[in-house]
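The values are calculated or read from the model by the stated rules, or taken from the named source; none is laboratory data. Quantities reported herein were computed from a predicted structural model and do not represent experimental measurements. All Cβ positions, even for glycine, are placed from backbone atoms using ideal geometry, and neighbour counts span all protein chains on display. Surface accessibility is based on the protein's heavy atoms, side chains included, excluding ligands, DNA and RNA. Shrake-Rupley method; radii C 1.70, N 1.55, O 1.52, S 1.80 Å.
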Amino acid sequence: MTRVLVVEDDPEIGRLLRRNLTELGHVVTVATEGGAGLALAVTDEPQVVLLDLGLPDIGGQRVLEMLRGVSSVPVIIITAQDDDVSVVRALDAGADDFLTKPFGTEQLAARMRAVLRRTEPGQRPTQEVRIGELLIEPAARTVLMADNPVDLSRKEYDLLWVLATRLGEVVTKRELLAEVWQLPFGGGDRTVDVHLSWLRRKLGETAAEPRYLQTVRGVGVRLVDPGTEH
Ligand code: CA
């Protein structure tokens, strides 16, 4: 079962996609305008977005660009415009795949499985990780600091997890963008900085007096056990 958001203004195609995907056991939301689709992509946290390029208000290309500023959700472009230029532009802007209308449900389902395989973190780790007073429980995605729960957003948790799996190692912002935001082409140092500062605050430290999160200027950041650092 996958939560799917369809952004498509053609009511017939929207209905067809809703029916076929629901029959496959997915939970489907349909938006008929770009603006509404963008809002739902953020609030509903779909696992896949099917995005039409030709939309009445905000074009699909623009929706995609705005969406990529805030979300790494897999996006499959569905387009009647079979010109390479718009498809290439969409892929450059962060779309994961595309389908040219008309397409069959089997083909769509296969593309959805493929993008989910590429973007889901696979087997979820279950082994808990203890670093000083910090305890990360990946099965439940919870974090404790000195036995007190730390309330992290999804991205903050992912960020911490990537750093924890590479304990003591400097991880570059580019690597973090690729691993946490699935944005391998960079373009968002600021995104990393902002989330790092939130994470830092929630772990109870400041940039001036770091304990667990050590910034290496111009390179990246590493997670350390402050008890073993000198
Ligand atoms: Ca359209």
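Remarks
- Under 17 Å of direct C-alpha separation, and excluding same-chain neighbours fewer than eight residues apart, Lys202 reaches these lysines: Lys155.
- With R₀ fixed at 41 Å, the C-beta to C-beta distance from Glu12 to Val162 puts the FRET efficiency at about 0.45.
- Taken over the alpha carbons of segment 3-122 as equal point scatterers, the Debye sum produces base-10 log I(q)/I(0) values at 0.10, 0.18, 0.22 Å⁻¹ of -0.24, -0.86, -1.39.
- Cα-derived Rg over Rh, computed across segment 129-228 with Rh taken as Kirkwood radius: 0.93
- Solvent exposure of Glu8, expressed as accessible area, is near 0 Å², computed with a probe of 1.4 Å over the protein chains only.
- Note on the chain: helix-only mean residue ellipticity at 222 nm, from DSSP H runs of 4+ residues weighted -39500 (n - 2.57) and normalised by residue number, equals -12000 deg cm²/dmol.
- Projecting label points 7 angstrom from Cα along Cα→Cβ for Thr43 and Asp193 puts them 3.2 nm apart.
- Computed log₁₀ I(q)/I(0) - Debye formula, equal Cα scatterers, no solvent, segment 56-205, q 0.18, 0.20 Å⁻¹: -1.10, -1.25
- Restricting attention to the chain, close to 50% of DSSP beta bridges with both partner residues there are antiparallel.
- Note on segment 3-122: with charges restricted to the Cβ of Lys and Arg (+1) and Asp and Glu (-1), its dipole about the Cα centre is near 380 debye.
- For the chain, with +1 on Lys and Arg beta carbons and -1 on Asp and Glu, the positive-most of Ala39, Gly132, Ala95 along the dipole: Gly132
- Farthest towards the positive end of the charge dipole of the chain, among the residues Met112, Ala80, Val221, is the Cα of Val221, using unit charges on the Cβ of Lys, Arg, Asp and Glu.
- Cβ charges +1 (Lys, Arg) and -1 (Asp, Glu), total dipole of segment 129-228, debye: 240 debye
- Counting protein heavy atoms only, segment 3-122 has 52 percent of its accessible area on carbon and sulfur, 1.4 angstrom probe.
- Computed from point charges on the beta carbon alone (+1 for Lys and Arg, -1 for Asp and Glu), the dipole magnitude for the chain about its Cα centre is near 400 Debye.
- Sequence-distant residues sharing a close amide H with Val75 (under 5 Å, placed H): Val49, Asp96, Asp97
- Taking 7 Å steps out from each Cα toward its Cβ at Leu91 and Glu33 produces label points 3.2 nm apart.
- Placed amide H near Gly54: partners under 5 Å, 5+ positions off or other chain: Gly60, Ala80
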